[in-house]
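What follows is calculated from the coordinates using simple rules that are stated; it is not laboratory data. Here the structure is a predicted model, which means the values were calculated and not measured. Glycine gets a Cβ as well: all are built from the backbone with ideal geometry, and neighbour counts include every protein chain shown.
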Amino acid sequence: MHNYDPASFHTAIEGKLKRKHRTTLEEATDKEIYYSIASIIQDLVMPKWFETNQEIQQNKSKQVYYISMEFLIGRLIESNLQNCGLLDICNQTLLDLGRRPERIYEQEHDAALGNGGLGRLAACFLDSIASLGYAGHGSGIRYRYGLFEQRIIHGNQVELPDYWLKEEYPWETRKPDEAVEIRFGGTVHEHKRRDGSLEISYENTDSVMAVPYDVPVLGYHNEVVNTLRLWSAELSPAENKGLSASDQQYYHHLDHIHSIEQISGFLYPDDSTFEGKELRLKQQYFLVSATIKNIIANFRRNHDLPLSMMPEYTVIQINDTHPSLAVPELMRILMDEEGYGWEKAWQITTNLLAYTNHTTLSEALEKWPVSMIQNLLPRLYMIIHEINERFCEQIYTTHPELRDKIHELAIISYEQIHMAHLAIVGSFSVNGVAKIHTEILKNKEMKNFYTLYPKKFNNKTNGITHRRWLQQVNPCLASKITDVIGPRWVHEPHKLMNLLRYTNDAPFLETMKDCKQHSKHLLAKYVYEQQGVKLNTDSIFDVQIKRLHEYKRQLMNVFHIIYLYNELKDNPNMDITPRTFIFAAKAAPSYHLAKEVIKLIHHVASVVNNDPDIKDKLKVVFLENYNVSLAEKIIPAAEVSEQISTASKEASGTGNMKMMMNGAITCGTLDGANIEIRDFVGDDNIFIFGLTAEQVLDYYAHGGYDAKSIYHADVRVKRVLDQLNGGVFGSQEIEFKDLFYNIMYHNDPFFVLKDFGPYVETHEMIDRAYRDQNHWQRMAATNIAHSGKFSSDRTIMEYVSDIWKL
Ligand SMILES: *Cc1c(COP(=O)(O)O)cnc(C)c1O
């Protein structure tokens, strides 16, 4: 893609600094150098971007559109440099200039247009689609404020707005000519034509312009540049009235502009929960309507064919139910604007859409009040109503055995619209994101839908891009791997399996350990700079980084730390392998119990880290503002990967895959993709404990669990809980009463006490296993070898062959 060498790259930066910033290499700030490098990349990318689009048009190849309310892309500078083959040259040039590359790269604001795993998955998928050379585009919202920035003040989470567009974002290109109009509200009129068909018109709608901003998505060393199109809400020019400041209306008009711009104003910070806020519904319709109009326009530009042919050339994947208004919106456009009848429109719609389910947590399932959709989207409501009528009628006639289940299957029931039901009925494919998750969908959560549509259901176990999560974040390890098995694994990640030949190779295991130590030192340095805590780099780095959620059970991890602390206080000479517990997690701002856990981690850290009896044996650190860039710092240094969700709750997890790929050993429950990790690496290379999904679901269905009896029977548990309740951690006795009450009086809904004993024993095994470093490194190498199967390249190839048929 380029023909730079360090000398010409140096000259190029110099030229950019001069022309764009009126400065020199010596005088330039890190930020100016960052912008210069980004601009050099954009110059290389633009023609390739154009050519990729030309090629798609000429080949008329089938395209996939991935619609997602979230794209957690993080920084792009390094991955863009890497994908166009410039990373080494750029690093060398910067070092020659006496600049630290990481200082330059961190000038880019981490783009956090997502909450967690779901949004990061979308970002990894775009990387894999482009790197495998497929024509696939992301479509999302250009939120002016991304996920909040987390600060910790006296142990409490405080949220600050993330105004990531404060400075120019060098990767985006505004495309005003491709803006589309989105209409909300109003009234619907039906006129019967002479032939009996209906003509639909709308009156008094509110118009909003959706203006696209395109971000290039570079394939790895293949000259492919796909597009992530992010939509921004603006005032429709037709509505911009010429009013003077003295006019009463003027202030109303400003309010109106503000309310329109709010549609792409901010990302809702809830992960795995549903909040029925009207603005969120507006965002969803805004994204869906803009994307579909864009897809139809692209189809018309590329083909001289009727829209009924679209499914041959286009497929739309919706990431969770958030974009499931795509079902009625497609129907609306096909019928009201394109003149298709219901049957034909339905056939086109259901052949275009494919739906990915991400959760079975009931609190996350989207259900919008009928009245809200009626008010905001009256025509869509009519269509959803009709879809529901026809669907229920179809069950009644074709599946008499399900007649008494119709109210459970219905799209509209009890004045609510069930978006998952709408998505299943309206698409040709429904996939879960890990084997166990898909099985739970088929046999429990969506059992009746599975009876109706057995062929729609399929599994696509999630993945992560190994280019970012190994090659880029851990260059030391990546180069040692290449030294022994060659570079092919970067293109074909399953080739990492060749590492199995080196699991008994002492020199290789030694170099792996050196890399791990190097990463631990870098992380320790960061922690010291951030919070003045000195980490013992000979201790086990035990890592739990993910959104803070009760089901992910950070609380169980904390209870284990308190237990170890108690043991060491009772017996200061106890023989334990030193441990550093590392946490990072954001809690949804309204999630009280999650915020309490963050506070507890800080209180426990302050007790443990400042107790002279503990010496260097235990350390607890919480790193603030977990995001992609922080994950990139922590993951290479992880040795134990905590994946301890209540079985059946974590659909897949991807943090587990990232850490495995960097040689961490998983300590986990039989949940999500942990199960497939175990199946690949074998029981000897993973630490599995706790209730199975079946047992958990059985307890939920039939009862029989009593948290208090464990409290009374297990002295370790009793002691920890009494300390929690008695003010040992915290400034007053009532400090953590809500956490205590939730376990004791709400019967420990996530089985923390039930799994506590097995968790402690598993950690004792980890403690012993780590003492045999040769054995430990062998386990690490085995994990890395098998991690190729969790590359998102594999996931995308499965989507392509089973769903998208590109
Ligand atoms: C990978 C990733 C996640 C998902 O982590 P899980 O452990 O699978 O929940 C969340 N946030 C960020 C920033 C990530 O990189």
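I'd like the antiparallel share, as a percent to the nearest 5, of DSSP beta bridges with both residues in the chain. Within the chain, antiparallel bridges account for around 45 percent of the total. Computed over the chain, the per-residue total of -39500 (n - 2.57) for DSSP H runs of n ≥ 4 gives a 222 nm mean residue ellipticity of -14000 deg cm²/dmol, rounded to 500.
Modelled label positions at Glu278 and Val533, each set 7 Å beyond Cα in the direction of Cβ, lie 4.5 nm from each other. Between Ser8 and Leu365, the simple spin-label model (points 7 angstrom out along Cα→Cβ) gives 6.0 nm.
For the pair Asn609 and His712, a Förster radius of 25 Å applied to the C-beta separation gives a FRET efficiency near 0.20, rounded to the nearest 0.05. Per-residue extension of 0.36 nm, minus the Cα-Cα distance of Met46 and Ala238, leaves a gain of 65.9 nm for this segment.
Here the simple spin-label model places points 7 Å from the Cα toward Cβ, and for His775 and Asp575 these points are separated by 1.4 nm.
Listed by Cβ neighbour count within 10 Å, with the fewest neighbours leading, Arg716, Arg142, Arg194 appear as Arg194, Arg716, Arg142. Normalising by residue count, the stretch 751-806 has a Cα convex hull of 110 Å³ per residue.
Here's the list of aspartates and glutamates a cross-link from Lys62 could span, going by alpha-carbon distance under 12 Å and ignoring same-chain residues fewer than 8 apart: Glu312. Rounded, prolate or oblate for the stretch 176-279? Axes are the square roots of the Cα gyration tensor eigenvalues, ordered a ≥ b ≥ c, and the cut-off for rounded is a/c under 1.5. Here the stretch 176-279 falls in the oblate category. In the structure shown, do any of Lys60/Lys805; Lys546/Lys599; Lys708/Lys737; Lys513/Lys586; Lys367/Lys435; Lys525/Lys599 have a Cα-Cα gap over 22 Å, and if so which? Over 22 Å apart, Cα to Cα: Lys513/Lys586; Lys367/Lys435; Lys525/Lys599. All alpha carbon pair distances within the chain were sorted into 10 Å bins beginning at 0; the resulting P(r) in whole percents reads 2, 13, 22, 25, 20, 12, 5, 1, 0, 0.
Using the Cβ-Cβ distance between Lys737 and Ser590 with R0 = 30 Å, the FRET efficiency computed as 1/(1 + (r/R0)^6) comes to roughly 0.95. Full extension of the segment from Arg403 to Ile257, taken as 0.36 nm per residue of separation minus the current Cα-Cα distance, would add 47.7 nm.
Of Lys456, Lys31, Lys520, Lys737, the sequence from fewest to most neighbouring Cβ atoms within 10 angstrom is Lys31, Lys737, Lys456, Lys520. Cysteines in the chain that lack a partner Cβ within the 4.7 Å cut-off: Cys84, Cys90, Cys124, Cys392, Cys667.
This ranking places Ser652, Ser201, Ser519, Ser308 by how few other beta-carbon atoms lie within 10 Å of each, fewest first, which gives Ser201, Ser308, Ser519, Ser652. If the segment from Leu95 to Tyr526 were pulled out straight at 0.36 nm per residue, it would be longer than the present Cα-Cα gap by 153.1 nm.
Please sort by residue number the GluC sites (Glu not before Pro) in the stretch 390-453 whose DSSP state is loop and whose Cβ has at most 16 other Cβ atoms within 10 Å.
When the GluC sites (Glu not before Pro) of the stretch 390-453 are filtered for loop state and at most 16 Cβ neighbours within 10 Å, Glu415 remain.
First measure r as the distance between the Cβ atoms of Arg301 and Gln374, then evaluate 1/(1 + (r/R0)^6) with R0 = 35 Å and state the FRET efficiency to the nearest 0.05. Approximately 0.50, to the nearest 0.05.
Highest mean first, the peptides 354-361, 604-611 sorted by other C-beta atoms within 10 Å per residue fall in the order 354-361, 604-611. For Gln695, neighbours were defined as the other residues whose beta-carbon sits under 11 Å from its Cβ, and their charges (Lys and Arg +1, Asp and Glu -1) total -2. Taking a ≥ b ≥ c as the square roots of the eigenvalues of the alpha carbon gyration tensor, the stretch 10-124 is oblate, as a/c is not under 1.5 and a/b does not beat b/c. Seen through its C-alpha gyration tensor, with square-root eigenvalues sorted a ≥ b ≥ c, the stretch 134-217 comes out prolate because a/c lies at 1.5 or above while a/b is bigger than b/c.
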